[in-house]
Structures are given as C-alpha cells and as structure tokens.
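Beneath this line is the structure, given in structure tokens, with notes to follow.
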Amino acid sequence: AEQLEIVVRTVQQTWLPVENPRKLMTGAEKARWHLDWLEAQWPALGEPCPRSLIDQGIAFSLAREAAFDPEASVLVHGDSHAWNTLVVPGEVDTFKLVDPDGYFMEPAYDMGISMREWIDEYLAGDAVAIGRVRAARLSALSGLPETPIWQWGFIEVISTALVYTQLGEPTSAAPYYILAERWLNA
C-alpha cells in the first residue's frame, strides 16, 4: 500500500501539459498499438491462452482508443511502477521516476501500470475483489475514474503475459494469464 501511494504521488508530478504532442505517441495510438500487438502475437505464439482474453484486451483497447481526448491528455510516464520509482539520495520521502516511455494520453494509463504489479497479491485471494479494491484505491489517490484504470490494467496484464511468452518464460507468463482469466468479465 505504501509503495502504491509513493508511485502515484511521484507519477502525478510528471503529468504535464504538452505544447507540441506531435512527437509523442497519443493515447489513441497506444491503444491501437496494443490492439494490433495482441491480435498479432496470439497466433504467432501458438495461441497460448483462451481467445476470450485477447478479445477482452482488444475490446478495452478499442474503448481507450475511442476515449482519447487531446484536451484531457498530458505527458504520462508510461512505465510507472515501483522498480522505476527511486528514492532521491539524502532526501526523506522524495522519489523520482526513471526509464520513462513518454506518451501523450490520459493519466489513467499510468495507473493501469500499477494494476499489473504485485501480482502475487491478486493470486493469493479473490483476484477480482483485490483488483477492484486496487482500482478504487488508485482512483482515490489520483482523482481519476476507475473504468479506464481497470481497462488499462487488464490490457497491461494480458500484454505482459504475452511478452513473457515471447521471451520464452512460461513460468513468468503463467500468473498473468491466470489473473487475466480471473478478471475476465469482472
């Protein structure tokens, strides 16, 4: 819980307006990238999970693509998780983010990254209830609506499963597939 609060507090400092977003991938483009990647990787990797998981990721990607609003978009970090949130040496409770991807999109994307983290917590209990509590907590901490947080979280979970499969790491992929199955239709 403390790490989650630190990540949110730290990433909020990076949500800045962008004067010339043409050089950054937009939220619509990021959603389309996920959609295309899920569609291409599932057969290329030998259909490693039920098609329904890919279909849900695609449906959420379409929803996020349609929801793209340049007026509500900011510079987002794009990979804001605990491993990229480092303490500033010599300062108490001051953190900085490293290794940004940098997109012009809704800040809920950064919250979706936090939805895919600490996966063992989900699998140790009721994954849907724990996920909904985390989405609500991220919403409360960030002031953002839960729905895009949940949708980006699901997209990130199934995408991460496919990345681990692509890397030949089935043991790392398995928990993400399990979580996606539990979150399906939640």
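Descriptive notes on the structure:
- For the pair Ala72 and Val88 in one chain, pulling the backbone fully straight at 0.36 nm per residue adds 2.8 nm over the alpha carbon distance.
- Three-way shape label, segment 53-138, alpha-carbon gyration tensor, a/c 1.5: oblate
- 14 Å cut-off, amide nitrogen to a point 7 angstrom out along Asp55 Cα→Cβ, residues in segment 132-172: none
- Shape of segment 1-110, Cα gyration tensor, a/c cut at 1.5: oblate
- Among the listed values [x] 25; [y] 20; [z] 33, the one matching percent of Cα pairs over 27 Å apart as calculated from this structure is [x].
- Kyte-Doolittle mean at least 0.0, axial Cα span of 18 Å or more - DSSP H helices of the chain: 51-67, 127-142, 146-166
- Scanning the chain for GluC sites (Glu not before Pro) lying in DSSP loops with no more than 13 further Cβ atoms inside 10 Å, the longest uninterrupted stretch between such sites is 92-186.
Computed from the coordinates by the stated procedures, all read-outs in this text should not be read as laboratory data. Since the model is a prediction, treat every value here as computed from it, not as a measurement. Note that each Cβ is placed from the backbone with ideal geometry, even for glycine, and that neighbours are counted across all protein chains shown.
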